[in-house]
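As structure tokens, the structure follows; a few thoughts come after it.
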Amino acid sequence: MNFTIPKLTMALSQTSDPASLNTALQIMIVLTVLSLAPSIIIMMTSFTRIIIVLGFVRNALGTQQTPPTQVLVGIALFLTFFIMAPVFNEINEVAIKPYTSKQITQAQAFDRGMEPMRTFMFKQTRKSDLLLFVKYSHLKPKSKADIPNHVLIISFILSELKTAFQMGFVIFIPFLIIDITISTLLMAMGMMMLPPVMISLPFKILLFIMVDGWNLIAQSLLYSFR
């Protein structure tokens, strides 16, 4: 029995029609934007602060890969959905539903959908970070509405990083005290060859359990966005 194997070839050809090239470039740009859209949207929400704080918690405990990264990302995503639910609901009411019912255009839907996101980001953005990028862009906005999205987004991300590191510093303090205490006791007992991490790890886990650490971390993250 003879089998026919299809032959696949790829070739570049010249064209004299600018419209065909324009269409190809548009498709490429759309695919690029779609591939980057999840990352762009995540950076405009509470996800950045949450995942960094959870990473600090794991490092402070010294439990290596416990909880696994997939678990931390999952927790961060669900906390993000919970925190951003009012914003997403408002976007759905003022932008998505009118657009799907053909009451507004795509441009109007984008502008309306960005308003709740801008309101959220303005509340979490420090004035110093916002002024930095406004000054660098040589803008003279008279109100918040005059500040472009790209200036607001980068200012918001910078503020989120600073807030997350501040929370991470506070999280590290009690665990650092335990590490210092254990190291001092081991040196006083002459057991310098014994790694302090092996002794301090159970005590740090015990402290985290006694204070109901995960509940406390979640509560702190929720209150930080009020």
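For a quick check of your reading of the model, give me the residue pairs whose first member lies in the stretch 79-107 and is closer than 13 Å to PHE225 by Cα, whose second is aromatic (Phe, Trp, Tyr) and part of a loop (DSSP other than H, G, I, E, B), with beta-carbon atoms closer than 6 Å and at least 6 apart or on different chains.
ILE83/PHE225
One residue is enough: does the stretch 133-155 have a residue meeting the conditions of a type outside the set (A, V, I, L, M), under 16 Å from the mean Cα position of the chain (by Cα) and not in a helix (DSSP H, G or I)?
no
So which of LYS140, LYS127 ends up being among the charged types (D, E, K, R) and under 27 Å from SER220 (Cα atoms)?
Just a single option satisfies the conditions, and that option is LYS127.
Which one of the conditions (1) loosely packed, with under 13 Cβ neighbours inside 10 Å; (2) aliphatic (A, V, I, L, M); (3) under 17 Å from LYS162 (Cβ atoms) does LEU132 fail to meet, given that it meets all the rest?
Of everything listed in (1) loosely packed, with under 13 Cβ neighbours inside 10 Å; (2) aliphatic (A, V, I, L, M); (3) under 17 Å from LYS162 (Cβ atoms), LEU132 misses just condition (1).
Give the residue that is farthest from THR63 (Cα to Cα), with candidates limited to residues of the stretch 196-215 that are without any contact (Cβ under 8 Å) to a residue 60 or more places away in the chain and in contact with a helix residue (DSSP H, G or I) (Cβ under 9 Å, 6 or more places away or on another chain).
Of the stretch 196-215, the ones without any contact (Cβ under 8 Å) to a residue 60 or more places away in the chain are 196, 198-199, 202-203, 206-207, 209-212, 214-215.
Subsequent filtering for residues that are in contact with a helix residue (DSSP H, G or I) (Cβ under 9 Å, 6 or more places away or on another chain) retains 196, 199, 203, 207, 211, 214.
Working: PRO196: 14, ILE199: 13, PHE203: 12, LEU207: 14, VAL211: 17, TRP214: 15 Å.
Here the residue is VAL211.
Tally up the residues in the stretch 185-218 that are in a helix (DSSP H, G or I) and open to solvent by 80 Å² or more (accessible area, probe 1.4 Å), please.
Here the count works out to 12.
List the helices (runs of 4 or more DSSP H) that sit entirely inside the stretch 1-114 and contain at least 2 residues that are closer than 27 Å to MET167 by Cβ and at pLDDT below 80.
The qualifying helices (runs of 4 or more DSSP H) are 18-43.
The values are calculated or read from the model by the stated rules, or taken from the named source; none is laboratory data. Everything numeric in this text was worked out from a predicted model, so none of it was measured. Positions of Cβ are backbone-derived with ideal geometry, glycine not excepted, and every protein chain shown enters the neighbour counts. Please note that ligands, DNA and RNA were not included when accessible areas were found on the heavy atoms of the full protein model with its side chains. Shrake-Rupley method; radii C 1.70, N 1.55, O 1.52, S 1.80 Å.
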